[in-house]
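The values are calculated or read from the model by the stated rules, or taken from the named source; none is laboratory data. From a predicted model like this one, the values you see are computed outputs, not experimental measurements. Heads up, the Cβs are rebuilt from the backbone with ideal geometry, glycines too, and the neighbour counts pull from every protein chain shown. Remember, those area values only see protein heavy atoms, side chains included, never the ligands or the DNA or RNA. Shrake-Rupley method; radii C 1.70, N 1.55, O 1.52, S 1.80 Å.
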Amino acid sequence: MNTLRLLFQQKTESRLLLTVSRFLTSIFLLLLLALPTLAQEVEPTVELGEVEVKADRIIHKTDGLLLYPSEQQKASSRSGYSLLQQLTLPNIRVDEVGHSISAIDQRGGVQIRINGIIADKAEMLSLDPKSIRKIDFIDNPGVRYGDGIAYVIDITTRRANNGYTLGTSLTQALTTRDGDYTVYGKWNTGKSELSLNYSFGYRDFKGIRTEETAHYHLNDGFIYTIQRNDLASRNRSLSNQMKLTYNLADSSRYVFQASLSGDFSHVPGDFSQKQIVDGTQTYTALEQQQSQSSSPVLDLYYFQQFTPRQSLTLNAVGTYIGTQSSDSYDEGSPYRYNVDGRTYSLLSEAIYENRLKPFTLSAGLNYSQKYTNNEYTGDVSSITPMHHNRVYLFSEIKGTWDKLRYSAGIGGSYLHYRQQAHSYDYWSFCPKAALSYNFTHSLQLSYNFQLNERTSRVAMISDAAIRTNRMEWTVGSPDLKPNRETYHTLRLSYSNTRLQAYAQGFYKKCPHPNMAVYERTSDDRFIYTQRNQKEIDALHAMAYASY
């Protein structure tokens, strides 16, 4: 009986303890929930003085720098060009007056983007500097940007929900007839933005003088000399650009943009009157050029954020270029020809990106198709229809391991070219890799390797032969093939909020490049053309400092 009572007592005490435990837990949870409210009611109010939060304005990345402009820099800037000029990006020359951005080391072009979309002059002029959040400066573009691009500047902005912007940019040279005038407008409502830009430029130069003395070594060993000295000249050009853009964006989900633009240019009549001293005779010759061209462009862009880590970018650009030109020169004998040119092109790409924990993975496809047909009449009789098809696949990873930052990418392309009886199929392999190590927050050592594809300009693969003067001709080379270029770059850099400096070694190797060739024919004509040569090797060292 005592044992039963003891067991009953222990069970009763256990249940009581369990009940008390549950009650205390409930009270504790209620206190946690009520704590913020109680804190607001009980804690005294404390006034704090001005608090300044400091963060790095320049952050090193594997492929460049991430910059956060100061409020003072934004307030003192008038446009996107003005702000970039204040930031003094390494190796970048910004001409605020001429509205141009170029690379000091001439390694390639500079691509400007706003919120990931390629931007033009009017969009940079209409950009409100106060809306800029950050600037991604890429000095080692990945495989997605293709060849010919040495630097990418991507500006990220905040967009106003409602309102409009109207502005002008007028540039007029005082000592010459050279002007550039732009009018732009932008209207925002909710997620939509509509913008219209118009630019007009003109140039009228008179009195440019050149003097030339040419020595021609003939087949019989005789050296024939001709002097060409300008007596009068005039160079004029007019240009008009208009662009209408609609943008629909949800900052956390998607961006859609459609733009329709048109470029129209006109050279009404350039001329150069020359005094020719040809052996024992002296006479006056007249060189004339006139041309006009039009180019409508439709650009469609779409960006979709599937998850905080995954996104897809689609872009398609359709372009038409129509050109008519006329050239004449009567040195030795009258020579005149006309060109009627038409070009149709389609460029499209799809890029997938996934920000995984160890690294960021991106992959994509780029497809382009171009058809060019230039018809020469007059003293040059030629029709040169050219077809270009190119498929480019690429993939790339970027990541960080302790103080080491790395990126590795691989691209492969297939190019098909056909011009009447001339054709080829060209495959290329384009790997890229980058390593950077931060010894300290400001001191960094980086190494970049890349292999690019280079394709000949259309002007040099046409089969037309055009006379430059009485003795010289320019002849296209339809059998020119693309070539590969290998780059190695080693850079030691130091940067803080005021000082940016680096020392760099750059080595380039180009097997079978397209190089200029001057040939003399049996009838003493001198031909300029291009051929695939053996190799070019270049070693370039430079130092840069900006304070």
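In the stretch 187-231, the qualifying residues are those that are on the phi < 0 side of the Ramachandran plot and in a loop (DSSP other than H, G, I, E, B), and the one that is least open to solvent (accessible area, probe 1.4 Å) is Leu218.
Can you name the residue in the stretch 286-303 that is small (Gly, Ala, Ser) and out of contact with any Phe, Trp or Tyr (no Cβ under 7 Å at 6 or more places or on another chain) and, of all such residues, is surrounded by the fewest Cβ atoms within 10 Å (Cβ to Cβ)?
Ser293
Selection within the stretch 390-428: residues that are of a type in the set (Lys, Arg) and farther than 25 Å from Phe359 by Cβ. The member of this set that is nearest to the chain's Cα centre (by Cα) is Arg390. For the stretch 59-70, a residue qualifies if it is under 17 Å from Arg498 (Cβ atoms) and open to solvent by 30 Å² or more (accessible area, probe 1.4 Å), and the qualifying residues are Ile59, Tyr68.
Looking only at residues of the stretch 371-394 that are of a type outside the set (A, V, I, L, M, F, W, C) and crowded, with 18+ Cβ neighbours inside 10 Å, we find that the one that is farthest from Pro334 (Cα to Cα) is Tyr392. Residues in the stretch 157-186 that are in contact with a strand residue (DSSP E or B) (Cβ under 9 Å, 6 or more places away or on another chain) and either open to solvent by 70 Å² or more (accessible area, probe 1.4 Å) or on the phi > 0 side of the Ramachandran plot (or both): Arg158, Arg159, Asn161, Asn162, Gly163, Tyr164, Leu166, Thr168, Leu170, Gln172, Arg177, Val183. In the stretch 305-332, the residue that is farthest from the chain's Cα centre (by Cα) out of those that are open to solvent by 30 Å² or more (accessible area, probe 1.4 Å) and of a type in the set (Phe, Trp, Tyr) is Phe306. Taking the condition outside any strand (DSSP E or B) and within 29 Å of Arg113 (Cβ to Cβ), does Thr307 pass? Judged against the criteria, Thr307 is a match. What's the number of the only condition in (1) open to solvent by 60 Å² or more (accessible area, probe 1.4 Å); (2) more than 20 Å from the chain's Cα centre (by Cα) that Tyr335 fails to meet? Exception for Tyr335: condition (1). Residue pairs whose Cβ atoms lie under 9 Å apart, separated by 6 or more positions or on different chains, with the first residue in the stretch 207-224 and in contact (Cβ under 8 Å) with a residue 40 or more places away in the chain and of a type in the set (S, T, N, Q) and the second assigned to a strand (DSSP E or B) and open to solvent by 100 Å² or more (accessible area, probe 1.4 Å), are Asn219/Arg520.
Tell me the residue from Asp139, Asp154 that is under 27 Å from Val297 (Cα atoms), surrounded by 17 or more Cβ atoms within 10 Å (Cβ to Cβ) and not aliphatic (A, V, I, L, M), please. If you could, list the steps in order and put the result at the bottom.
Details: Asp139 fails: under 27 Å from Val297 (Cα atoms).
Exactly one residue qualifies, and that residue is Asp154.
Of the residues contained in the stretch 395-404, none is found to be of a type in the set (S, T, N, Q) and open to solvent by less than 30 Å² (accessible area, probe 1.4 Å). Does Thr474 meet the test of being under 31 Å from the mean Cα position of the chain (by Cα) and within 30 Å of Ser326 (Cα to Cα)? Yes: the conditions hold for Thr474. Of the candidates Ala258, Ala214, the single residue that is among the aliphatic types (A, V, I, L, M) and touching a Leu at 6+ places or on another chain (Cβ under 8 Å) is Ala258. Residues that are open to solvent by 50 Å² or more (accessible area, probe 1.4 Å), of a type outside the set (Gly, Ala, Ser) and part of a strand (DSSP E or B) within the stretch 417-435 comprise Arg418, His422, Asp425, Trp427, Phe429, Leu435, listed in sequence order. Tallying residues that are in contact (Cβ under 8 Å) with a residue 24 or more places away in the chain, more than 30 Å from Thr400 (Cβ to Cβ) and not in a helix (DSSP H, G or I) within the stretch 61-97 yields 4. Residues in the stretch 490-503 include none that are modelled with pLDDT of 90 or more, touching a Cys at 6+ places or on another chain (Cβ under 6 Å), closer than 30 Å to Gly412 by Cβ and aliphatic (A, V, I, L, M).
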